[in-house]
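Student: Let me begin by handing over the structure; questions about it come next.
The values are calculated or read from the model by the stated rules, or taken from the named source; none is laboratory data. Given the structure is predicted, the values throughout are model-derived calculations rather than measurements. In this analysis, Cβ positions are derived from the backbone assuming ideal geometry, glycine residues included, and neighbour counts consider all displayed protein chains.
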Amino acid sequence: NVQKYSHNYPHCWRTDKPVLYYPLDSWFIRTTAVKDRMIELNKTIQWKPAHTGEKRFGNWLENLQDWNLSRSRYWGIPLPIWRTADNSDEISIGSIAELQSEIDKANKVLGLSQDMPKDLHRPYIDDVILVSDGGKEMKRELDLIDVWFDSGSMPYAQMHYPFENKELLDSRFPADFIAEGVDQTRGWFFTLHAIASMVFDSVAYKTVISNGLVLDKNGVKMSKRLGNAVDPFETLNKYGVDATRWYMISNASPWDNLKFDEAGIEEVRRKFFATMFQTFKFFSLYANIDHFNHSEGYIPLENRQEIDKWIISLLNTLKKEVDADFAAYEPTQAARRIQSFADSHLSNWYVRLCRRRFWKGEYSKDKIAAYQTLYECLSTISKLIAPISPYFSDWLFKNLNDVSQLESHPSVHLVDFPQPVDGAIDKALEERMDYAQRISSLVLSLRKKDNLRVRQPLKRILLPVLNPQFQGQVEALKDLIMAEVNVKDIEYITDTSGIIKKKAKANFKTLGRKLGKDMKAAAAIIQKFDNDTITQIEKSNSYIVDLGEVKYEIDLEDLEIIAEDVPGWQVASDKELTVALDIQLDDALIAEGVARELVNRIQNLRKSNEFQVTDRINVKISDHVLVKAALAGHTDYIAAEVLANSVSMESNCGEEIELLDGDIIFIEVKRD
């Protein structure tokens, strides 16, 4: 009566067939003899991520066993060891020359007529018989060498070292970095490290990029069996090489697992590559109209507008940061910085605020400065993105350089990587513009919240003064902010108690890590903060939460500050910044808003009629109470914006257009 038991049993990971384990005599390398030195050398290697080297690889070395070198197989590198039948003598062959010498010796002593095999693999090498010093026959051990020993010998074997190329090896060893999957911790990473440690008392590589896995969009490992594998060639054909590369690099660090989703590639095409293409298209359109080819003398930064100096400063900061990211093997950070610069700063701020400089007025020094500034930004970005986006970067570089001829190289991949000009970096200006961008963003969010179109001018915004320098920083860019958010004035207040009311909540995401079990008690204290306390934290960026037995220092990142609206105002906050927007309208403001709406409708008609950007036009608008008020004070403004020689009001002529909230008017636009 034999009872059956269910138990775990090893199976082949490829075929799922049962695997039979049994002991065999094997050859080993005594790696345990150099274990401490291997651990010491490992601490000098930069691992990405660090925990793979410190934990996974470090723990492997701490528990190191001798290296099982031999394999009972047929295909591979034969073990170069010959032994007598009684195992009393053995020899390890170190070169073809040594093998030839030993064959000649055996032929002479044993009366054989062996030749050097043309192929040193099995079965030919197995037929070679050598002789011991005592005259006994020696036959090769039939085992092969572990294939990982081959891979670990790669740095030297590829140069035929030690037989030649010693100086070449010295110049290229150890490697700057290697990259492989994290599963190579016990494979290639180890064998390279072990052989270099034992033979050269050195590391084999200075840096390791331990690649993560590419998973499906749900985080499941891709496999044919599950049917969730993505065909890389279909993906590349559909989305292009550059968009795929940029998505994979910018989405997750190379050592993190990537949840691969084609929607992410589409987003990269839309948000980054389309933005860059449209920015270049804007530049080339007006550069061609003005015949700009960068032949004019370079206009010094000190002679350019503040916004030019700012974007060039930010560009040089970007050069410095991206170069440092690549040097530190952080391509994901580099890609994200470039994308943020191109979208948030270059396209959505610089180009948008400067577009009038490109299409209005004569070919002045200011317009040339704008062209030179935007050209420098586009050219530099083409070089910064080249390691990740090889094709688009070259397309952009050539389209710029083929006209300007500023670079002597035919390809972006032959030019030097951009180096920052420290003298062009102005951190105070960058801080001022950051304030301007954030203030504008808050105001625009308030407009959206209250359904107030950006074309509708508003009277003013109020800014609480953060520090003695704050008002001066904002004043330097006051005109820019007012133009961006379409307000008439910016006022400053030091006492916000009568206008702005604030509440604070704990940011559980950041505070949870700091406070742990005390989180709940601290959150209760934070919820009771009054206006004065919150204002003080905004200015100092620090506060001590006293829980009796223990005290914690917190900052603005640990709080969620909510500004409450008051009648006639809308209020919003971003960290230390608070903005109050006066949303009350009078007749003059409404009339100016209508004038701006008319400009928009006329520009749309110009576009739909396929007029050239330089065409002059005549405009007729139907009689309407809103139109009458707008034309009474803003006819010249409308004419200048739409390149009109005349703007008049007539009854029901031209195309039917919706002006505001269902109000219908008619507009006729004719080329002059």
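Student: Scan ALA327, ALA334 and give me the residue that is closer than 30 Å to ALA179 by Cβ and loosely packed, with under 13 Cβ neighbours inside 10 Å.
Tutor: On the way: ALA334 fails: loosely packed, with under 13 Cβ neighbours inside 10 Å.
Being closer than 30 Å to ALA179 by Cβ and loosely packed, with under 13 Cβ neighbours inside 10 Å holds for just one of ALA327, ALA334, which is ALA327.
Student: Let me ask something else about it. Check region 399-411 and report whether any residue there is surrounded by 20 or more Cβ atoms within 10 Å (Cβ to Cβ), within 20 Å of ARG245 (Cα to Cα), touching a residue at least 12 places away in the same chain (Cβ under 8 Å) and of a type outside the set (S, T, N, Q).
Tutor: Looking only at region 399-411, we keep the residues that are surrounded by 20 or more Cβ atoms within 10 Å (Cβ to Cβ), and these are 400-401.
This time we only want the ones that are within 20 Å of ARG245 (Cα to Cα), so: none.
Within region 399-411 (the criterion being surrounded by 20 or more Cβ atoms within 10 Å (Cβ to Cβ), within 20 Å of ARG245 (Cα to Cα), touching a residue at least 12 places away in the same chain (Cβ under 8 Å) and of a type outside the set (S, T, N, Q)), the answer is no, since none of the residues qualifies.
Student: Need a quick list: helices (runs of 4 or more DSSP H) entirely within region 425-504 having at least 2 residues that are under 23 Å from ILE537 (Cα atoms) and not assigned by TED's automatic domain parsing to the domain that holds ASP558. Show your work before the answer.
Tutor: Details: elements: 427-449, 470-475, 478-485.
Counting at least 2 such residues, we get 427-449, 470-475.
Student: Which condition breaks for TYR298 when tested against (1) farther than 22 Å from VAL421 by Cα; (2) aromatic (Phe, Trp, Tyr); (3) in a loop (DSSP other than H, G, I, E, B)?
Tutor: (1)
Student: So which strands (runs of 3 or more DSSP E) are wholly in region 579-672 and hold at least 1 residues that are in contact with a Cys (Cβ under 9 Å, 6 or more places away or on another chain)? Steps first, please.
Tutor: Numbers: elements: 617-621, 644-649, 655-658, 664-671.
In region 579-672, the matching strands (runs of 3 or more DSSP E) lie at 617-621, 664-671.
Student: Still on this model: Please specify each residue of region 413-424 satisfying the condition of being assigned to a helix (DSSP H, G or I), under 22 Å from ILE311 (Cα atoms) and not small (Gly, Ala, Ser). Talk me through it step by step, then tell me what you get.
Tutor: First, the residues of region 413-424 that are assigned to a helix (DSSP H, G or I): 413-414, 422-424.
After this cut, where a residue has to be under 22 Å from ILE311 (Cα atoms) as well, the list is 422-424.
The answer is ASP422, and nothing else.
So that you can scan it fast, the table gives a plain yes or no per residue for (1) under 23 Å from TRP67 (Cβ atoms); (2) touching a Ser or Thr at 6+ places or on another chain (Cβ under 6 Å):
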{"site": "ILE96", "(1), (2)": "no, no"}
{"site": "ASP104", "(1), (2)": "no, no"}
{"site": "MET116", "(1), (2)": "no, no"}
{"site": "HIS121", "(1), (2)": "yes, no"}
{"site": "TYR124", "(1), (2)": "no, no"}
{"site": "LYS136", "(1), (2)": "no, yes"}
{"site": "ASP146", "(1), (2)": "yes, no"}
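Student: Checking ASN237 against (1) surrounded by fewer than 16 Cβ atoms within 10 Å (Cβ to Cβ); (2) assigned to a helix (DSSP H, G or I); (3) in contact (Cβ under 8 Å) with a residue 12 or more places away in the chain, which single condition isn't satisfied?
Tutor: (3)
Student: What pairs come up if the first residue lies in region 107-120 and is within 22 Å of GLY135 (Cβ to Cβ), the second is part of a loop (DSSP other than H, G, I, E, B) and among the β-branched types (Val, Ile, Thr), and their beta carbons are under 7 Å apart, counting only those six or more places apart or on different chains?
Tutor: GLN114/VAL128
So that you can scan it fast, the table gives a plain yes or no per residue for (1) surrounded by 13 or more Cβ atoms within 10 Å (Cβ to Cβ); (2) touching a residue at least 60 places away in the same chain (Cβ under 8 Å); (3) of a type in the set (Lys, Arg):
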| residue | (1), (2), (3) |
| --- | --- |
| PHE529 | yes, no, no |
| VAL550 | no, no, no |
| GLU553 | no, no, no |
| GLU592 | yes, yes, no |
| ASN618 | yes, no, no |
| LEU631 | yes, no, no |
| THR635 | yes, no, no |
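Student: Could you check, for region 58-69, whether at least one of its residues is loosely packed, with under 13 Cβ neighbours inside 10 Å, within 40 Å of the chain's Cα centre (by Cα) and in contact (Cβ under 8 Å) with a residue 12 or more places away in the chain?
Tutor: There is at least one residue in region 58-69 that is loosely packed, with under 13 Cβ neighbours inside 10 Å, within 40 Å of the chain's Cα centre (by Cα) and in contact (Cβ under 8 Å) with a residue 12 or more places away in the chain.
Student: While we're looking at this one, here's another question. What pairs can you find where one residue is in region 176-193 and under 23 Å from PRO331 (Cβ atoms), the other is outside any helix (DSSP H, G or I) and hydroxyl-bearing (Ser, Thr, Tyr), and their Cβ atoms are less than 6 Å apart, with a gap of 6+ or different chains?
Tutor: From region 176-193, the pairs are PHE177/THR207; ILE178/TYR205; VAL182/SER210.
Student: In addition: Can you tell me which residue is nearest to the chain's Cα centre (by Cα) among those in region 242-285 that are in a loop (DSSP other than H, G, I, E, B) and among the hydrophobic types (A, V, I, L, M, F, W, C)? Write out each step before concluding.
Tutor: If we filter region 242-285 for residues that are in a loop (DSSP other than H, G, I, E, B), which is where we start, we get 252-257, 260-261.
Among the residues that remain, those that are also among the hydrophobic types (A, V, I, L, M, F, W, C) are: 252, 255, 260.
Numbers: ALA252: 8, TRP255: 14, PHE260: 16 Å.
So the residue we want is ALA252.
Student: How many residues are buried (at least 18 other Cβ atoms within 10 Å of the Cβ) and not aliphatic (A, V, I, L, M) when one looks only at region 438-462?
Tutor: Narrowing region 438-462 to residues buried (at least 18 other Cβ atoms within 10 Å of the Cβ): 439-440, 442-443, 446-447, 452, 456-458, 461-462.
Within this subset, residues satisfying the condition of being not aliphatic (A, V, I, L, M) are 440, 447, 456-457.
Result for region 438-462: 4.
Student: In region 405-442, what count of residues is obtained for those that are among the aromatic types (Phe, Trp, Tyr) and out of contact with any helix residue (DSSP H, G or I) (no Cβ under 9 Å at 6 or more places or on another chain)?
Tutor: Taking region 405-442 as the starting set, the residues that turn out to be among the aromatic types (Phe, Trp, Tyr) are 417, 435.
Narrowing the set further to residues that are out of contact with any helix residue (DSSP H, G or I) (no Cβ under 9 Å at 6 or more places or on another chain) leaves none.
Selection size over region 405-442: 0.
Student: Follow-up question, since we're still on this one. Name the residues in region 307-333 that are of a type in the set (Gly, Ala, Ser), without any contact (Cβ under 8 Å) to a residue 40 or more places away in the chain and in a helix (DSSP H, G or I), would you? I'd like the intermediate steps shown before the answer.
Tutor: Taking region 307-333 and keeping what is of a type in the set (Gly, Ala, Ser), we get 313, 324, 327-328.
Among the residues that remain, those that are also without any contact (Cβ under 8 Å) to a residue 40 or more places away in the chain are: 324, 327-328.
Once the filter is applied, which keeps residues that are of a type in the set (Gly, Ala, Ser), without any contact (Cβ under 8 Å) to a residue 40 or more places away in the chain and in a helix (DSSP H, G or I), region 307-333 yields ALA324, ALA327.
Student: Right, here's the next one. Might you check whether a residue that is β-branched (Val, Ile, Thr) and within 11 Å of GLN372 (Cβ to Cβ) occurs anywhere in region 299-306?
Tutor: yes
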